[in-house]
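Written out below as structure tokens is the structure these notes cover.
The values are calculated or read from the model by the stated rules, or taken from the named source; none is laboratory data. This is a predicted model, so every value here is computed, not measured. For neighbour counting, all protein chains shown are included, and Cβ atoms are generated from backbone atoms with ideal geometry for every residue, glycine included. Just the protein is used for accessible areas: all its heavy atoms, side chains included, with ligands, DNA and RNA removed. Shrake-Rupley method; radii C 1.70, N 1.55, O 1.52, S 1.80 Å.
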Amino acid sequence: MDVNLLKIKISVNTLHKKFLRECYNYAKKSKHSSTHNGAVLIKNDKIILRGANVLPLGVKEIKSRFEGSNRHLYPNHAERDLLFKAAKKGLSTDKLTMAMPWLPCIACANAIISSGVKKLIIHKQMIQRTSADWVKELKNAVEILKEAKVKIVAYDGLVGAEAYMHGEKWPA
């Protein structure tokens with residue numbers, strides 16, 4: 001998927017690199033069979049909370065919950081895990097920044113918009129590896145994020161971590 005075609009601004013900000021590296025590192029908590037994704041919530045250039053694509057706290061990690069179509073039903077995506085944690089802690093997410101390597105699906109984009117997050121930092125190299133199966137949904141998610149005035153920037157460059165998406169690992 002081409003970030004330029006989505007008209008997403010490119011960034012080489014070293015803070016964005018640091019935030020994305022933390023996302024990849026936190027994503028290792030995921031037991032998801034095909035993709036490990038992490039997200040961080042940022043306030044005043046400091047990470048205040050982390051999330052990953054994991055089952056909700058207290059839900060048993062049964063193998064079948066991570067297989068087939070269940071792998072998209074049972075675990076929370078990193079963005080929603082992060083926002084649910086913020087809500088549980090009573091943290092306001094209004095006007096904050098969220099970083100995550102991949103683009104959000106429509107359900108996560110809705111959660112981001114509804115929570116008041118105003119800026120997303122994504123990773124260009126992760127977006128370029130997106131499977132064709134996800135392109136239409138992610139384009140639609142970007143469209144509604146932009147309608148809601150959520151700024152999106154894509155960091156361009158390696159961040160010093162390992163990525164795992166669609167069952168493949170590579171240096172990110």
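Filtering segment 85-104 down to residues that are open to solvent by 10 Å² or more (accessible area, probe 1.4 Å) and assigned to a loop (DSSP other than H, G, I, E, B), which residue is farthest from residue 134 (Cα to Cα)?
90
Taking the residues in segment 55-73 that are modelled with pLDDT of 90 or more and within 18 Å of the chain's Cα centre (by Cα) as candidates, determine which candidate is surrounded by the fewest Cβ atoms within 10 Å (Cβ to Cβ).
The extreme case among them is 56.
Condition check: of a type outside the set (D, E, K, R), closer than 22 Å to residue 165 by Cα and assigned to a helix (DSSP H, G or I). Does residue 122 satisfy that?
Answer is no for this residue.
Of the residues 111, 141, 148, 132, only one is among the aliphatic types (A, V, I, L, M), open to solvent by 40 Å² or more (accessible area, probe 1.4 Å) and farther than 17 Å from residue 24 by Cα; which?
Residue meeting the stated conditions: 132.
Identify, by number, the condition in (1) assigned to a loop (DSSP other than H, G, I, E, B); (2) in contact (Cβ under 8 Å) with a residue 12 or more places away in the chain that residue 60 doesn't meet.
The one condition residue 60 does not meet is (2).
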